[in-house]
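One structure is given here, and the rest of the page talks about it.
The values are calculated or read from the model by the stated rules, or taken from the named source; none is laboratory data. Just so it is clear, the structure is predicted and the values come from calculations on it, not from any experiment. Neighbour counts run over all protein chains shown; Cβ positions are idealised from the backbone, glycine included.
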Amino acid sequence: MRLLAALSGGVDSAVAAALAVEAGHDVTAVHLALSAAPATLRTGSRGCCSKEDARDASRVADLLGIPFYVWDLADRFRADVVDDFVAEYAAGRTPNPCLRCNEKIKFAAVLDRALALGFDAVVTGHHARLAGGELRRSVDEAKDQSYVLAVLTPEQLAGTVLPLGGLTKAEVRTAAAARGFGVADKPDSHDICFIADGDTAGFLRDRLGPQPGPVVDALTGAVVGGHEGAYAYTVGQRRGLALTVPAADGRPRYVLSVEPVSRTVTVGPGEALDTTSVRATAALWLAPRALPLACEVQLRAHGAVHACVASKDGSGGWRLELATAARGVAPGQAAVLYEGDRVLASATIA
Amino acid sequence: MAYLDHAASTPMLAEAVATVTAALAAALSAAGNASSLHSAGRQARRVVEESREQLAAALGARPSEIVFTGSGTESDNLAVKGIWWARHDADPRRTRVLASAVEHHAVLDAVEWLAGHEGATVEWLEVDEQGRLHPDVLREAIERSPDDVALVTVMWANNEVGTVQPVRRLADIAHEFGIPFHTDAVQAVGQLPVDVGASGVDALTLAGHKFGGPLGVGALVLGRDVACVPLLHGGGQERDVRSGTLDTPAVAGLALAAALAVERQPALHARLSGLRDDLVRRVQQAVPDAVLNGAPGRDRLPGNAHFSFPGCEGDSLLLLLDARGVEVSTGSACSAGVARPSHVLLAMGAAEVAARSSLRFSLGHSSTGADVDALLDALPGVVERARRAALPTLRR
């Protein structure tokens, strides 16, 4: 096949491209420039698309002897991922930008262009197994990324090759070292790539400005503090709550909900975060099943898996009844249904 | 492989390779620093000085006017910053830089640096839709306030669209007001007749690898009475204007390549013009809506053809042609390799979409009709495919 390998400059995409070349495919590499003003060097494990990353990616392509290009998708990334991220927080939800990037950039803008240019598919270094249209968890459960790929349509998956799903991260690093890749021991990326200093609240404050409002105790209804912007809070958060009134029971309080119109952040005890009932909308099925359905659900990236029964909620979405309580279910994150290690469907938590 | 990117770098001449390797081999037995006083140093110095004379003769300059540098970029930076500093030191009112809007980044960014760090004021002189700076535009800009102009810098010929500027007339205007005139002639040497004396310029940039010399060596031809503050401080090897031990083999290769390129320039011009005209005609036949950018006929580098392909993205075209063994350029790239809309095309009045849809084909001494044939074999299918791949904003 003619494959387009997306090289981030990291170890995973490097090994994915290498495996594709070694499998006999005709591979061309692209590095996606997602920032309009890339930094020169990486800052620890944060940031992305620095010139250092572009160079690391091009060095891998050199070693593989494949063509290498940089595609400028900074405008698309800003519109579809960064602006969406800010707007979701402003609306009181907790977006997952990696998932949005997969959905709108890597497996949309890039895949569309690759197919139009005559490539058969895009190769990426995501840790998940994909064969015969079935998306499964990676054999390395700690590194599994099937959750952030579950938003892809069957058509998008048909144009995708994921060579790493059968390898652990340690095996990927060994494979990189064996091929002489300088990125073999490069640190994993963490956090949100476009917030280089890791200060999400500060990033949002710069874009949304101060929007002061009350922090209300769910049990008493009393105002127990204030904040400079409800967008800086996410359900389940405990740190960063500047409460002026201690809890009656003296126990820690957590963010239970964020209401953007009245700018109200509601806090309460940890167990109030526990829920066994979740609603989700905009369902997308990879492996269609009839509802109601007994299966498992994952409610955030690298989060716990809960046995559940999924049924229709009467307005086109799902109602998920969990066998065990989930803590801190955040609207805006994805609910991904699994059957064992196989992805069935995804939807957005309401 | 069909190599149509000579404006980026052109293959070395065999004679220049022989000269460089011979000079390198000489270093096996004698560690010649051209600044040393002993015999080995004298030997190296002799090579450098003969190279200086050879280069000066090829360009209609005096040997004392040749300042060897590490690249065209260094030469541009030295001329723009060094002359600005010297002129500003002599009279602090002189802050203005007048430059064409289509300069290479080596000039453009050096000028912007002066503006950002040294208090220079910049005027980017408008060009017409063919990329030509009209002498009246320069005259008007100077006459608005002649006393505050530090220098004028206008390239001899444009690296993207190939448009040749009326350098002699522009230099004359600057001189009417006593203002020094620099030109970046990196693309011109070897493709056009370049005579420094006859052109009247005060400073001229050239780079070895653009006309068959080695990479990593350039020169600034700097008039003897043109004050210029150095960029690099140290031993003052080059007229106290540029410090650093010279790369003797590279300098020798540069000078020989320049001599040969200048000697062969008339024949090359005739041959490349014919090849280029054939390329242009056939591209326009194959892709009827392709737009030729730049100036016609004699006001264009003989090896340059530059097209916009409506509905395509330049980097898609490049990728697809590369996959078919045809090597071209979009004409402009930033450090991360991201194609940005060309400032040259934007200055010529092109829309951003058109500026992103362009390719440069540049021919040189080793180009043949087979290169043009290979391009035309691939181009129609490539353009059709690139159109399908265009992002929605480019779809027509």
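Can you name every residue in region A:81-104 that is under 16 Å from the mean Cα position of the chain (by Cα) and either within 12 Å of chain B (Cβ to nearest Cβ) or assigned to a loop (DSSP other than H, G, I, E, B) (or both)?
Within region A:81-104, the subset under 16 Å from the mean Cα position of the chain (by Cα) is A:81-86, A:88-89, A:93-104.
Within region A:81-104, A:R93, A:T94, A:P95, A:N96 qualify.
For region A:232-290, name all the residues that are touching a residue at least 60 places away in the same chain (Cβ under 8 Å) and of a type in the set (F, W, Y).
A:Y254, A:W285
Do we have B:R224 as assigned to a helix (DSSP H, G or I) and surrounded by fewer than 20 Cβ atoms within 10 Å (Cβ to Cβ) here? Break it down stepwise before answering.
Working: assigned to a helix (DSSP H, G or I): no; surrounded by fewer than 20 Cβ atoms within 10 Å (Cβ to Cβ): yes.
The answer is no for B:R224.
Could you check region A:112-224 for helices (runs of 4 or more DSSP H) lying wholly inside it with 2 or more residues that are surrounded by fewer than 20 Cβ atoms within 10 Å (Cβ to Cβ)?
On the way: elements: A:146-149, A:154-158, A:169-178, A:200-208.
Output list reads A:154-158, A:169-178, A:200-208.
When region B:305-329 is examined, which residues are found to be more than 11 Å from chain A (Cβ to nearest Cβ) and of a type in the set (S, T, Y)?
Across region B:305-329, the qualifying residues are B:S308, B:S329.
Can you give me the ranges of the helices (runs of 4 or more DSSP H) entirely in region B:306-360 with at least 1 residues that are on the phi < 0 side of the Ramachandran plot and at pLDDT below 90?
Details: elements: B:314-323, B:343-347, B:352-355.
Qualifying helices (runs of 4 or more DSSP H): B:314-323, B:352-355.
Taking into account only those residues within region B:44-64 that are surrounded by 17 or more Cβ atoms within 10 Å (Cβ to Cβ) and more than 19 Å from the chain's Cα centre (by Cα), which is nearest to B:L114 (Cα to Cα)?
The residue in question is B:R52.
Among the residues of region B:178-209, write down those that are in contact with a helix residue (DSSP H, G or I) (Cβ under 6 Å, 6 or more places away or on another chain) and on the phi > 0 side of the Ramachandran plot.
Across region B:178-209, the qualifying residues are B:G190, B:G200.
Kindly check whether there is at least one residue in region A:337-345 that is within 14 Å of the chain's Cα centre (by Cα), within 27 Å of A:V139 (Cα to Cα) and modelled with pLDDT of 95 or more. Quick ask: steps written out before the conclusion?
Of the residues in region A:337-345, the ones within 14 Å of the chain's Cα centre (by Cα) are none.
The answer is no, given that none of the residues of region A:337-345 is within 14 Å of the chain's Cα centre (by Cα), within 27 Å of A:V139 (Cα to Cα) and modelled with pLDDT of 95 or more.
Just to be sure I understand, how many residues within region B:273-310 are of a type outside the set (F, W, Y), within 16 Å of B:N158 (Cβ to Cβ) and surrounded by 15 or more Cβ atoms within 10 Å (Cβ to Cβ)?
Step one: list which residues in region B:273-310 are of a type outside the set (F, W, Y), which gives B:273-306, B:308, B:310.
Within this subset, residues satisfying the condition of being within 16 Å of B:N158 (Cβ to Cβ) are B:276, B:292-306, B:308.
Subset that is surrounded by 15 or more Cβ atoms within 10 Å (Cβ to Cβ): B:276, B:292-295, B:299-306, B:308.
Total meeting the criteria: 14.
I'm told B:G294 meets every condition in (1) touching a residue at least 24 places away in the same chain (Cβ under 8 Å); (2) more than 14 Å from every other protein chain (Cβ to nearest Cβ); (3) not in a loop (DSSP other than H, G, I, E, B) except one. Can you identify the failing condition by its number?
Among (1) touching a residue at least 24 places away in the same chain (Cβ under 8 Å); (2) more than 14 Å from every other protein chain (Cβ to nearest Cβ); (3) not in a loop (DSSP other than H, G, I, E, B), the lone unmet condition for B:G294 is (3).
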